[in-house]
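Visitor: Have a look at the structure that comes next, please.
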Amino acid sequence: MVAVEDVSAAPLIELRDIVKRYARGDLVVEVLRGVSLMIQEGEFVAIMGASGSGKTTLMNIIGCMDRPSGGRYRLMGRDVAELDGDALAALRRNTFGFIFQRYNLLGNASALENVEVPALYAGLPAGPRRERAGALLARLGLGERLDNLPGRLSGGQQQRVSIARALMNGGRVILADEPTGALDSESGKEVMALLRELHRDGHTIVLITHDMNVAGQADRLVRISDGRIVEDTTRGERAARRTEGGASPLDRHGESAQTVLMLDIMASVRTALRALKASPVRTFLTLLGVMIGVGSVVAMLAFGNGARQQVLDQIQAMGANLLVVKPGAPGVRGAGGATTLVPADAEAIARLPNVGYVVPQAANPVTVRYGNVTYTTTLYATTPDFVAANNWPVARGTFISQTNLQGFAPVAVLGQTTAKALFGAADPVGRYVLINNTPLRVIGLLTGKGADQLGNDRDDGVFVPITTGQARVTGQSYLKFVTVEVTDTQQMDATQAAINTLLRKRHRTLDFQVKSMTALLQQQAQTQQTLTLLLGAVALISLLVGGIGVMNIMLVSVTERTREIGVRMAVGARAFHILLQFVTEALVVCTVGGLIGVAGGLLVAAVAALSGAAVLVTLPPLLLAFASALVTGLVFGYLPAKRAAGLDPVVALSTE
């Protein structure tokens, strides 16, 4: 073996006794067997050998794509074995430029975008990056093909794009692996002419080939066989050429870490959008799971909050200064139907201090007839203070008066639903109806109240004086409940205790319940809050299912794009770049799906509101739903991204 030495300078590349072994099950295959090689700056070296001789493995080790199993590799005086993954990526990015036999271009990126990739990972801003990439392509005769995808370029043109990509970050050392192997003879000659031109410009060229005609154009020929160098000869005297300083023209010195990270994120977003656009059907199906999940969260919480607010509004409309007395012992199921509360109890309560109006109320199902129309509804026997206690004004006519109450007057006030059922659009005031065969004159019509929190129609009813109802219509003397107004709310607890004491003395047992509207308000609010959280949890499960779909699709994407990952690593992408790219893709999917889902949830809520459902849309649930989508993307996208970032560059590049 004839070695070339130049005592005037240390070698750019120095390999000493390099060994490379691969384990295949129980069998260990030794591909390189003690290879020693020195390459000076500015050389044009051809490494020649048959298939399986180890030449490509040697190139991968030289280009920091692979690590040797033994021996020592020094690059620019540095021991490569001491460098971590990020430092090796920096060398691939800023020192080496790779030219592959199969071009290894990104199929969904234009020629210009393919050339930009190394500078993208170097953190060069978009403007200078595009300018340099365009200039390189123009220099190589592709100035009119900047926007063409690889599929629209010939083999020779694709190889020129890969050469431009190798030069993007300076390409101090050009590693060309069978660059003419997939080309016709004419295109092959053009590529070799370009390599000789790059050599004249000062680039160090390492050419891998099995073709003697190609190898003969190099200044130095290294022949390898069975993992050993068997020949190392030169063609004439090597011209002394040096590149200036040895640093990449795209080193990021002076830029802040925050600036570099923002450039990486922006580039990852663009790459993610392009990758998602390449598979629209799969992207849509992935988005669909996220959209349904987020939309469910928005809609469910809107319905839950709407129902909760409706309950609060109804209770607050009745007044926070009210006490409600119900028959039946506390905690006894069905106590509301007990017959222990009578009008005399209401009269006794009215005589207590700090008590304003007292409204006793009885309720019974009745049949109402007008002409040929028969209608079943509920008869509410009450007092004149009913409208004040329930904040329920009269739409037409008048409500029950004290005179009606004292005189057992045969009068009635109708709810809107009952009036429409009996009279249609006609005015019912002044007409007579039969209630359980008792004729009553309609003296008023209440305003509409709508449904209560249980969905019951509060407008479906007939209201009569309690004396009339009990004496003339039902013949029953017990009450459903009594509403008590407290004059001074500061004495609410004392008044409630006084009522308890009074009724216990009258009944001689605890067969009643006294509750404040404030307590009912808190109880109902807590119940509705629990239901809202339950609805939200159900919706989040839908989002979880969508997240699992995102993870599955991302895992498939990593498998399908393994070779692309290898290409990106070869041109200088760090593990962080690959991790960031795939996490960003998952986040982009979930961001787009989240935005569409929020819009869809709002649309569902709007339609439901127009149909009369109780809906309340507030900002926190929207932010919660969208944040949940982002967290879903981050959590379920991390595992596939971690898997992608952990791929070995050589293995990834060799994947079909």
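Visitor: Provide a single number: the residues in the range 20-40 that are without any contact (Cβ under 8 Å) to a residue 12 or more places away in the chain and either part of a strand (DSSP E or B) or closer than 15 Å to Ala176 by Cα (or both).
Guide: 6
Visitor: Continuing with the same structure: Assigned by TED's automatic domain parsing to the domain that holds Arg282, in contact with a Phe, Trp or Tyr (Cβ under 8 Å, 6 or more places away or on another chain) and closer than 17 Å to Ala307 by Cα: is that true of Val598 in this structure?
Guide: It is false that Val598 is assigned by TED's automatic domain parsing to the domain that holds Arg282, in contact with a Phe, Trp or Tyr (Cβ under 8 Å, 6 or more places away or on another chain) and closer than 17 Å to Ala307 by Cα.
Visitor: What are the residues in the range 395-416 that are among the β-branched types (Val, Ile, Thr) and buried (at least 17 other Cβ atoms within 10 Å of the Cβ), if any? Don't jump to the end; show me each part of the working.
Guide: To start, the set of residues in the range 395-416 that are among the β-branched types (Val, Ile, Thr) comprises 398, 400, 403, 411, 413.
Listed by number, the residues that qualify are Ile400, Val411, Val413.
Visitor: Okay, next question. What residue, among those in the range 365-420 that are within 53 Å of the chain's Cα centre (by Cα) and assigned to a strand (DSSP E or B), is farthest from Val355 (Cα to Cα)?
Guide: So the residue we want is Thr376.
Yes/no matrix, rows are residues, columns are (1) over 19 Å from Glu113 (Cα atoms); (2) in contact with an Asp or Glu (Cβ under 6 Å, 6 or more places away or on another chain); (3) part of a helix (DSSP H, G or I); (4) modelled with pLDDT of 85 or more:
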{"residue": "Asn552", "(1), (2), (3), (4)": "yes, no, yes, no"}
{"residue": "Glu585", "(1), (2), (3), (4)": "no, no, yes, no"}
{"residue": "Val588", "(1), (2), (3), (4)": "yes, no, yes, no"}
{"residue": "Gly600", "(1), (2), (3), (4)": "yes, no, yes, yes"}
{"residue": "Leu603", "(1), (2), (3), (4)": "yes, no, yes, yes"}
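Visitor: Quick one: which of Val411, Val387 is more than 11 Å from Thr468 (Cβ to Cβ) and assigned by TED's automatic domain parsing to the domain that holds Val355?
Guide: Only one candidate passes the filter, namely Val387.
Visitor: I'm trying to understand the selection: among the residues of the range 182-224, which are in contact with a strand residue (DSSP E or B) (Cβ under 9 Å, 6 or more places away or on another chain) and not aliphatic (A, V, I, L, M)?
Guide: Correct list: Arg196, His199, His203, Thr204, Thr209, His210, Asp211, Gly216, Gln217, Asp219, Arg220, Arg223.
Visitor: Kindly indicate whether any position in the range 340-349 is surrounded by fewer than 18 Cβ atoms within 10 Å (Cβ to Cβ) and assigned to a strand (DSSP E or B).
Guide: no
Visitor: Do we find that Gly97 is of a type outside the set (A, V, I, L, M, F, W, C) and touching a helix residue (DSSP H, G or I) at 6+ places or on another chain (Cβ under 7 Å) in this structure?
Guide: When the stated conditions are applied, Gly97 passes them.
Visitor: Taking the stated definitions as given, is Leu595 part of a helix (DSSP H, G or I) and closer than 15 Å to Met300 by Cβ?
Guide: The answer is no for Leu595.
Visitor: For the condition under 43 Å from the mean Cα position of the chain (by Cα) and not small (Gly, Ala, Ser), what is the one hit in Phe44, Phe98?
Guide: Values: Phe44 fails: under 43 Å from the mean Cα position of the chain (by Cα).
Exactly one residue qualifies, and that residue is Phe98.
Visitor: Looking at the range 314-328, I want the residues that are under 19 Å from Ala346 (Cα atoms) and have a partner that is β-branched (Val, Ile, Thr) and at pLDDT below 60 with Cβ atoms under 9 Å, at least 6 apart or on another chain. Which pairs are those?
Guide: none
Visitor: Considering (1) under 22 Å from Leu167 (Cα atoms); (2) in contact with a Leu (Cβ under 7 Å, 6 or more places away or on another chain); (3) in contact (Cβ under 8 Å) with a residue 60 or more places away in the chain, say which one Glu43 fails and leave the rest.
Guide: Going through (1) under 22 Å from Leu167 (Cα atoms); (2) in contact with a Leu (Cβ under 7 Å, 6 or more places away or on another chain); (3) in contact (Cβ under 8 Å) with a residue 60 or more places away in the chain one by one, Glu43 breaks only (2).
Visitor: Answer yes or no: is there a residue in the range 486-493 that is aliphatic (A, V, I, L, M) and over 18 Å from Ile400 (Cβ atoms).
Guide: yes
Visitor: Considering only the range 640-649, state which residues are surrounded by 16 or more Cβ atoms within 10 Å (Cβ to Cβ) and assigned to a helix (DSSP H, G or I).
Guide: Pro640, Ala641, Arg643, Ala644, Ala645, Pro649, listed by residue number.
The values are calculated or read from the model by the stated rules, or taken from the named source; none is laboratory data. Given the structure is predicted, the values throughout are model-derived calculations rather than measurements. Note that we place each Cβ from the backbone using ideal geometry, even for glycine, and neighbour counts take in every protein chain shown.
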